[in-house]
Amino acid sequence: MACVALFSACNGKDPEPTVPQLDVTGIWELSSVSTKASVGSVTVSVYIDFAADNSFTLYQKIGEGRFAKFTGSYNLDKDAAQLSGSYAGGSAWGPYSASREGNTLTLASAGGKEVDSYKKIEAIPASVTENLY
Amino acid sequence: MKSFKLFLVAITSMAFFSCVQKEGMELVDENMAPIVRLGEDVLSDVVMVKFVSAPDESRLQELETEYGVTLEKVFKSTPGREELERRFGLDRWYEASFSEADDVDTKALKLSRDRFIEMVEYESIYRNDAQDGVYAAAPVTRAGNGVFNDPYLGNQWHYKNTGNATISKSVKAGADVNVSDVWATLTCGDPDIIVAVVDEGVKYTHPDLADNMWTNPGEIPGNGIDDDANGFIDDVYGFNFVTASRNKSSDPWGNGAISWDKTHVEGKQVKGDSGHGTHCAGTIAAVNNNGKGVCGIAGGSGKKDGCRIMSCQIFSDDRGGSSSITSRAIKYAADMGASVISCSFGISRAYSSDNAYIKNQGTVEIDAIHYFEACSNNPVLDGNIAIFAAGNETHDFAHYPGAFYDIISVSAFGPDFLPTFYTNYGPGCNISAPGGEAYHVTNRWDSMVLSTLPSELPQLGLEGAYNKTGLDYGFMNGTSMACPHVSGVVALGLSYAKKLGKKFSRDEFKRMILASVNDIDQYIGSKLEKTYAYSQSPLKMAPYYHKMGTGAIDAWRLMMHIEGLPTLTSGIGRQQWIDLTSAFGTASVSLTYLSIEVPAETVASMGLQKITPTNTDKYPAVMDQNGYAFVQFGRLYVHPTAVGSGKISISAVGGGDHVGGDNNPPGGMVLTQSVSLIARDADGGNGTGGWL
């Protein structure tokens with residue numbers, strides 16, 4: 001079968017297009033924030049590790065100071081392409097409209113007023129994890 | 001009588017200060033300058049006078065002739081600081097000396113009627129009775145916390161309290177100044193940051209202090225010459241202002257060798273130096289990581305990198321503590337480079353306001369303190385910082401001068417995170433720190449504060465125990481011990497800010513200190529009374545609730561404030577609360593808030609809607625005057641409708657429930673924080689502040 005498939009692949013016909021399942025697992029670094037209004041000169045650094053067991057770890061530094069660490073769980077509705085979750089303390093977040101293209105993950109707020117883009121990275125820098133409150 | 005007293009707790013008696021105070025004299029003549037009657041035990045041949053304006057030589061000679069007095073400047077002028085000296089009136093203070101045959105009251109009255117004289121203060125020298133409660137016992141070596149190799153670090157619960165029940169049966173882990181992580185990762189001090197211990201003399205040869213003693217680079221020790229022409233002979237580690245003398249006012253002060261072991265016997269008890277100054281110095285900057293004894297909060301890492309201790313001696317044996325001695329010592333600290341003065345003394349009586357204190361007790365030391373705070377001796381601040389102890393009489397107010405509106409006064413908590421049985425609390429108390437407390441365990445002292453002591457001292461206050469202890473370390477407790485904890489943390493903060501190249505105003509830094517706290521009311525409020533394992537009666541907790549300043553000082557939080565406050569986040573489209581812990585510490589829930597200001601730009605940027613708090617009869621709220629935000633339950637409430645950003649200014653009382661100053665009853669200083677806020681469409685954290 002593999003050979004057929006291989007032969008088939010070589011006989012000049014294109015394979016049937018497949019829609020890759022949306023997958024957010026991995027480590028992401030916030031690369032851009034698109035909003036209708038400026039958030040001023042505040043510098044935002046965000047790193048998120050979406051683990052395969054549906055837990056997440058978030059490191060963020062907004063403005064001055066150090067990185068704050070948050071943990072919790074997430075749920076990805078692959079059919080609706082919606083990402084939501086809750087912090088460890090129980091506060092809910094999302095849902096976001098999620099889409100992925102290669103190593104870029106885009107999360108759009110439900111209100112449509114904010115679109116955050118993340119790039120996939122290999123590991124959260126030690127300068128982040130060692131610079132916590 | 002005016003006496004500054006050390007705040008060290010007597011174990012056997014609360015009433016160990018014997019000084020009797022008198023109110024200020026009533027004015028009977030409108031043409032008189034106020035005479036501040038400082039008490040019964042006044043010097044018979046001297047008063048202090050403050051001129052309306054700095055007198056010239058001819059005016060002084062006229063007055064000397066007219067009144068038969070000798071007038072000498074209280075303060076030597078320091079080149080480059082003349083403008084500041086004038087601003088705080090230091091150039092107008094003179095000592096008026098009489099012959100012994102004169103009647104001091106008559107002379108004072110005559111001087112007060114002179115139109116060139118603004119105020120007359122009696123000058124006095126008093127005993128220092130603070131000598132009980134020193135336990136120069138050899139500590140049991142407990143396991144350290146791994147940061148440094150000092151063998152007694154494990155006994156210093158006040159730096160890292162692990163909840164060891166052998167220290168206190170009611171111990172609470174975390175009842176400390178939270179300094180270990182600061183040492184491990186941020187800073188251990190900086191030799192350019194100098195803390196002056198205004199106290200008994202510091203034993204500068206102590207094996208655990210010597211490397212962190214400040215030395216005057218311009219002075220050659222022991223040559224009897226004022227080498228640096230600062231007005232003080234042989235002031236190498238500081239100066240002894242008690243024994244200092246001079247032949248005439250143009251001479252430098254001499255005979256000011258620092259001492260720490262002067263005692264005498266009264267009845268069956270040894271009285272005099274208690275090691276108080278050396279103990280406070282050790283808390284601030286005993287040398288860390290030297291394999292010896294104890295640690296100091298800003299004592300470095302064993303590489304001669306600790307903050308430096310300057311000894312400004314104002315007590316010696318049974319002498320000292322007068323206003324002129326204290327004032328000169330504080331000015332010396334300012335002029336010789338100290339960034340912090342640690343002052344574990346005060347006046348143990350109540351005053352209805354700052355102005356009442358000035359009227360009854362005078363202003364010379366207040367002028368000197370404000371001069372000190374206006375001088376800048378480090379690259380971080382535009383000024384210096386004075387720290388005072390709140391006092392040990394279980395009074396529901398702080399003692400002056402620390403109770404002054406703009407001066408930080410420190411109350412004491414024990415290893416159980418609860419107020420100590422002796423600490424003063426309430427109006428004028430700005431912050432709390434570990435002061436230690438006996439009666440937690442049967443050996444009495446392990447729950448006190450462990451620090452350095454002069455080994456030469458007898459075991460003071462214990463009948464018949466006159467033999468020298470020979471020990472370099474021991475336990476004390478008191479707000480005297482809490483005060484140097486804050487001084488050390490402030491020194492550590494200045495060290496870290498210098499390392500980061502950060503600059504702050506003095507007042508901004510004071511606000512950061514008062515906001516770098518952990519909530520102590522959660523522990524006070526959870527108990528009806530505090531019980532002791534040994535001897536002491538239970539202590540009812542209700543009086544202390546909301547009265548221990550802003551909370552318990554936390555070194556790590558101060559460092560985080562220095563690094564910078566994070567921007568707070570909110571969502572849009574709904575009313576929500578935002579946690580204020582990052583701005584005000586965990587005490588944010590129990591502070592008394594004064595005002596909140598939302599600039600028009602913030603309202604516009606975030607599309608803030610007007611909101612109204614509920615249940616305000618039960619839970620007070622502070623509203624923005626236009627109704628765009630309020631603070632309730634220690635939380636900030638807003639209702640943004642647009643993605644945007646801005647700043648909101650929130651003011652609280654920096655200790656207590658009202659602001660002091662001038663004729664107001666003693667109270668806290670205004671503690672204002674400007675918080676940055678961004679409103680996001682995506683924020684769903686409901687107060688968590690999480691980005692998702």
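Here are the numbers for this structure:
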{"item": "Close pairs from region B:629-644: first more than 14 Å from every other protein chain (Cβ to nearest Cβ) and hydroxyl-bearing (Ser, Thr, Tyr), partner crowded, with 19+ Cβ neighbours inside 10 Å and part of a loop (DSSP other than H, G, I, E, B), Cβ under 8 Å, at least 6 apart", "result": "B:Tyr637/B:Ala629"}
{"item": "Residue list for region B:613-644, restricted to those being among the small types (Gly, Ala, Ser) and over 16 Å from B:Ser590 (Cα atoms)", "result": "B:Gly627, B:Ala629, B:Ala642, B:Gly644"}
{"item": "From B:Val670, B:Val603, residue being away from chain A (no Cβ under 14 Å) and not small (Gly, Ala, Ser)", "result": "B:Val670"}
{"item": "Condition check for B:Leu539: over 18 Å from the mean Cα position of the chain (by Cα) and farther than 29 Å from B:Trp183 by Cβ", "result": "yes"}
{"item": "Some residue of region B:175-184 being touching a helix residue (DSSP H, G or I) at 6+ places or on another chain (Cβ under 6 Å) and surrounded by fewer than 20 Cβ atoms within 10 Å (Cβ to Cβ)", "result": "yes"}
{"item": "Extreme residue, nearest to B:Phe633 (Cα to Cα), among residues of region B:582-600 that are within 14 Å of chain A (Cβ to nearest Cβ) and crowded, with 17+ Cβ neighbours inside 10 Å", "result": "B:Thr586"}
{"item": "Any pair with Cβ under 6 angstrom, 6 or more apart, that starts in region B:268-289 at a residue that is farther than 22 Å from B:Phe241 by Cα and ends at one that is polar (S, T, N, Q) and assigned to a helix (DSSP H, G or I)", "result": "B:Ala285/B:Asn212; B:Val287/B:Asn212"}
{"item": "Any chance B:Ser301 is over 28 Å from the mean Cα position of the chain (by Cα), in a loop (DSSP other than H, G, I, E, B) and surrounded by fewer than 23 Cβ atoms within 10 Å (Cβ to Cβ)", "result": "no"}
{"item": "From B:Ser180, B:Ser250, B:Ser259, residue being over 24 Å from the mean Cα position of the chain (by Cα) and either in the same structural domain as B:Pro379 (by TED's automatic domain parsing) or over 18 Å from B:Cys280 (Cα atoms) (or both)", "result": "B:Ser250"}
{"item": "Those residues of region A:62-82 which are at the interface with chain B (Cβ under 9 Å from one of its Cβ atoms), part of a strand (DSSP E or B) and without any contact (Cβ under 8 Å) to a residue 40 or more places away in the chain, in sequence order", "result": "A:Ile62, A:Gly63, A:Phe70, A:Gly72"}
{"item": "Residue in region B:520-530 that is more than 12 Å from every other protein chain (Cβ to nearest Cβ), surrounded by 18 or more Cβ atoms within 10 Å (Cβ to Cβ) and among the small types (Gly, Ala, Ser) present", "result": "no"}
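Yes/no per residue for (1) more than 18 Å from B:Gly689 (Cα to Cα); (2) modelled with pLDDT of 90 or more; (3) in contact with a Lys or Arg (Cβ under 8 Å, 6 or more places away or on another chain); (4) among the aromatic types (Phe, Trp, Tyr):
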| position | (1), (2), (3), (4) |
| --- | --- |
| A:Ile62 | no, no, no, no |
| A:Thr71 | no, yes, no, no |
| A:Tyr74 | no, yes, no, yes |
| A:Gln82 | yes, yes, no, no |
| A:Arg100 | yes, yes, no, no |
| A:Gly112 | yes, no, no, no |
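The values are calculated or read from the model by the stated rules, or taken from the named source; none is laboratory data. In this text the structure is predicted, and so the values were computed from the model without any measurement. Note that each Cβ is placed from the backbone with ideal geometry, even for glycine, and that neighbours are counted across all protein chains shown.
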